[in-house]
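For reference, the structure discussed in these notes is given below.
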Ligand code: 4AZ
């Protein structure tokens with residue numbers, strides 16, 4: 001009869017407890033080493049910011065370069081940003097470099113100077129000042145090899161703090177939190193907005209109660225819809241608040257003047273735009289600053305993604321809310337929006353449709369006057385629409401209708417100087 005050989009367990013090395021303790025110890029040590037490695041490679045790092053005035057010798061300054069909404073501004077800024085990005089990606093700082101961003105283009109003599117901020121992550125043991133030499137050397141190398149942009153060879157850099165970077169970016173238009181920190185990733189989550197997510201959003205209030213949305217376009221001017229003033233037209237009744245909560249706003253400012261478009265026509269909703277001047281200029285902060293305005297020639301791309309924000313009701317006929325909400329929608333072509341199953345020709349020039357044809361996400365009562373914004377390729381946010389009207393809210397085939405900002409770009413400049 002066959003018997004399986006007995007497995008002897010009298011060897012002390014195979015004692016299950018010894019095996020258990022040994023394995024446990026080894027796993028523990030490995031985990032500790034991995035943890036330390038991760039700590040030193042990833043967490044023992046800090047962000048360092050630098051600023052540079054990059055003078056482009058062979059580009060002549062012209063008026064188109066004074067506004068970030070023009071094609072010229074966007075193309076030149078992108079070229080400068082990718083030139084710097086490529087220089088660092090090909091250097092030994094490739095794993096340290098995070099991002100370069102052109103904050104402003106300005107005129108110097110006949111040429112253009114780009115205000116550039118750059119972000120790096122260095123080990124805590126290196127301070128920003130000591131790494132400056134390396135960053136400077138790579139930039140210098142780039143200058144000798146900058147393709148068809150001719151850069152002034154005496155371009156220098158200065159070390160700036162996180163706070164300096166934040167201040168620089170909040171003075172420029174259209175920066176959301178990911179750009180203000182020059183972070184590598186972009187995020188928009190949920191439907192409830194966080195403080196600072198939509199820093200240009202204004203609540204326009206009558207005797208302290210939210211009535212309409214508004215959009216901060218400079219430290220003194222807010223855009224909104226003309227129809228907001230149909231029942232209350234006296235500026236003294238109005239205040240503007242800032243911050244995501246209307247219950248405990250970050251800032252409250254009185255309204256000085258209200259300029260309603262001369263050709264606003266309630267029956268057709270044409271020219272539903274107004275400019276509100278604040279009683280005093282607001283100080284831009286991380287959480288309160290202006291959106292960018294598009295150039296009049298900027299085209300709207302059907303089915304591109306946009307965001308609408310406001311304290312409007314969540315259902316038609318419902319109450320307004322106290323926490324700012326955000327919704328992702330798509331632009332819809334006027335042709336499609338004017339189809340007989342939709343608005344049947346009621347979408348006139350100067351109007352813009354946005355929503356989801358299934359309904360689901362839409363602006364609603366109380367969102368009026370608020371922003372519809374889009375992000376450009378450089379992560380700046382532009383105002384494309386002002387919430388104006390629509391058939392109820394979130395009804396399939398009946399998207400939200402907005403005042404098309406590009407059509408009123410000249411009116412805005414004329415009324416506000418912005
Ligand atoms: C309103 O009454 C309103 N669904 C605003 C926007 C829309 C509908 C109504 C768009 O203020």
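Quick one: would you say residue 52 is buried (at least 17 other Cβ atoms within 10 Å of the Cβ) and either touching a helix residue (DSSP H, G or I) at 6+ places or on another chain (Cβ under 8 Å) or outside any helix (DSSP H, G or I) (or both)? So residue 52 passes the test. Residues that are in contact with a strand residue (DSSP E or B) (Cβ under 7 Å, 6 or more places away or on another chain), within 10 Å of the ligand (Cβ to nearest atom) and not in a loop (DSSP other than H, G, I, E, B) within region 360-418 comprise 387, 388, 389, 400, 401, 402, listed in sequence order. The numbered conditions (1) over 19 Å from residue 226 (Cβ atoms); (2) over 19 Å from the mean Cα position of the chain (by Cα) are all true for residue 381 except (2). Checked against (1) at pLDDT 90 or above; (2) out of contact with any helix residue (DSSP H, G or I) (no Cβ under 9 Å at 6 or more places or on another chain), residue 41 meets all criteria but (1). Just so you know, in region 301-316 the residues that are more than 18 Å from the chain's Cα centre (by Cα) and surrounded by 21 or more Cβ atoms within 10 Å (Cβ to Cβ) include one that is farthest from the ligand (Cβ to nearest atom), and it is 311. Every condition in (1) more than 11 Å from the ligand (Cβ to nearest atom); (2) under 16 Å from residue 302 (Cβ atoms); (3) touching a strand residue (DSSP E or B) at 6+ places or on another chain (Cβ under 7 Å) is met by residue 354 except one, and the failing one is (1). Scanning region 317-337 for residues that are surrounded by fewer than 18 Cβ atoms within 10 Å (Cβ to Cβ) and within 13 Å of the ligand (Cβ to nearest atom) yields 317, 318.
Listed residues 166, 195; which is modelled with pLDDT of 95 or more and either part of a strand (DSSP E or B) or within 30 Å of residue 235 (Cβ to Cβ) (or both)?
On the way: 166 fails: either part of a strand (DSSP E or B) or within 30 Å of residue 235 (Cβ to Cβ) (or both).
Going through 166, 195 in turn, the sole match is 195.
Taking the criterion of being away from the ligand (no atom under 16 Å from the Cβ), under 22 Å from residue 381 (Cα atoms) and part of a loop (DSSP other than H, G, I, E, B), the residues of region 217-251 that qualify are 217, 218, 219, 220, 243, 244, 250.
If you go through region 339-359 and pick out every residue that is part of a loop (DSSP other than H, G, I, E, B) and on the phi < 0 side of the Ramachandran plot, you end up with 12.
Pairs are defined by a Cβ separation below 6 Å, a sequence spacing of at least 6 or placement on different chains, a first member in region 190-216 that is over 26 Å from residue 256 (Cα atoms), and a second member that is modelled with pLDDT of 95 or more and surrounded by fewer than 18 Cβ atoms within 10 Å (Cβ to Cβ); the pairs so defined are 192/323. If you go through region 16-73 and keep only what is within 23 Å of the chain's Cα centre (by Cα) and more than 30 Å from residue 136 (Cβ to Cβ), you end up with 64, 67, 69, 70, 71. Based on this model, can you work out whether residue 336 counts as touching a residue at least 60 places away in the same chain (Cβ under 8 Å) and in a helix (DSSP H, G or I)? The answer is no for residue 336.
The values are calculated or read from the model by the stated rules, or taken from the named source; none is laboratory data. All figures in this text were calculated on a predicted structure; none of them were measured in a lab. Note that we place each Cβ from the backbone using ideal geometry, even for glycine, and neighbour counts take in every protein chain shown.
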